[in-house]
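Just below is one structure, and these are the notes that go with it.
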Amino acid sequence: MKKKILSALLVGAMVSSLLAGCGGSDSASTSDNSTSAGSSDAQTTEQGSSDATAEASGIEGKTVAFIPKLTGNAFFEVANDGAQEYAEKWGITVDYMGSSNAAVADQVSVINQAISSGVDAICISTVDAAGVSDALQEAKDAGIMVTTWDSDANSDDRTLMVSQGTPEVLGQMLVDMAVDGLKERGKDPENDEIKYCWHYSQATVTDQNSWQVEGEKIIAEKYPNWTNVYSRVWHDFTSEGIARRVKVPHDIVYGG
């Protein structure tokens, strides 16, 4: 199911960017346009993929720079697999361009590389909306259509955003998953004193930060006995980073 939803996101983002570039989609031309797949069921997700595929005529030969937050991460590698699958079906080229380091400077360099190579569209999951803003504006000035998925850019910097879900939906999902996990371990989420922390990719990413904000609202309302002992632990896989996480006392780690 997760792979199907991910494929639908990629279909929407890539087709919308290319159709907008060809003047074929009015809905893809609104700068603050955003669509979410998070509340769709399997039938809707597959239908969305089929509809997008049907609309993909006339984009043969186009090139999309598909830019993840970082390469080597399973989530983004699966995303690229889906992108390449649809690229073959549509007769387009998807260049998977990224860095193994989730840093603003690295992603700006990748965007500049995409501009220099003359791609028709950029489909990006940003590590820092503000940090990549100038580079994305340069891409737009060069006639490149920009769309985002997973983690948004500033609305003025892209044509549309295709999201895996709203912050409210995903914040609730994370809390529900935590509650289920606690119950499986014999804890009472409503009455026990629970310690938790947040662990996700970057301090600047728009998507996971918004989930954390909504999740905290739900916890404050429904589980006032929970204590956040260490918020926003970044993806630091150095020996020092791992040691720091191990030392944090917690019952739950929210991952992103």
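Of G165, G215, which residue is more than 23 Å from P68 (Cα to Cα) and either touching a residue at least 24 places away in the same chain (Cβ under 8 Å) or among the hydroxyl-bearing types (S, T, Y) (or both)?
Only one candidate qualifies: G215.
Counting just the residues of region 105-134 that are of a type outside the set (G, A, S) and touching a Lys or Arg at 6+ places or on another chain (Cβ under 9 Å), which one comes out farthest from I59 (Cα to Cα)?
V127
Examine region 199-207 for a residue that is among the β-branched types (V, I, T), in contact with a helix residue (DSSP H, G or I) (Cβ under 9 Å, 6 or more places away or on another chain) and in a helix (DSSP H, G or I), and state whether such a residue exists.
No - not one qualifying residue is present in region 199-207.
Checking W149 against (1) surrounded by fewer than 22 Cβ atoms within 10 Å (Cβ to Cβ); (2) in contact (Cβ under 8 Å) with a residue 60 or more places away in the chain; (3) of a type in the set (F, W, Y): exactly one of these is not met. Which one?
Among (1) surrounded by fewer than 22 Cβ atoms within 10 Å (Cβ to Cβ); (2) in contact (Cβ under 8 Å) with a residue 60 or more places away in the chain; (3) of a type in the set (F, W, Y), the lone unmet condition for W149 is (1).
Looking at region 120-143 only, could you name the residues that are out of contact with any helix residue (DSSP H, G or I) (no Cβ under 6 Å at 6 or more places or on another chain), outside any helix (DSSP H, G or I) and of a type outside the set (G, A, S)?
Correct list: I124, T126.
Residue-wise test of (1) more than 15 Å from V205 (Cα to Cα); (2) among the hydrophobic types (A, V, I, L, M, F, W, C).
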site	(1), (2)
P68	no, no
A74	yes, yes
N80	yes, no
A87	yes, yes
A121	yes, yes
S125	no, no
A129	no, yes
S133	no, no
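Suppose we filter region 104-142 for residues that are without any contact (Cβ under 8 Å) to a residue 40 or more places away in the chain and at positive phi; how many remain?
Of the residues in that region, 0 qualify.
Can you tell me which residue in region 180-191 is surrounded by the most Cβ atoms within 10 Å (Cβ to Cβ), limited to those that are of a type outside the set (K, R) and in contact (Cβ under 8 Å) with a residue 40 or more places away in the chain?
L182
If you check L170 against the conditions, is it in contact with a Pro (Cβ under 8 Å, 6 or more places away or on another chain) and assigned to a helix (DSSP H, G or I)?
So L170 fails the test.
Quick check: is even one residue across region 144-159 at pLDDT below 90 and part of a loop (DSSP other than H, G, I, E, B)?
yes
For W211, only one of the following conditions fails: (1) in a helix (DSSP H, G or I); (2) more than 20 Å from the chain's Cα centre (by Cα); (3) farther than 24 Å from E60 by Cα. What is its number?
The failed condition is (2).
Show me the helices (runs of 4 or more DSSP H) entirely contained within region 34-119 in which 2 or more residues are under 23 Å from Q137 (Cα atoms), modelled with pLDDT of 90 or more and more than 18 Å from the chain's Cα centre (by Cα).
The helices (runs of 4 or more DSSP H) meeting that bar are 104-117.
The values are calculated or read from the model by the stated rules, or taken from the named source; none is laboratory data. Treat the numbers as computed from the prediction; the structure is a model and nothing was measured. Cβ sites come from the backbone with ideal geometry, for glycine too, and all protein chains shown count toward neighbours.
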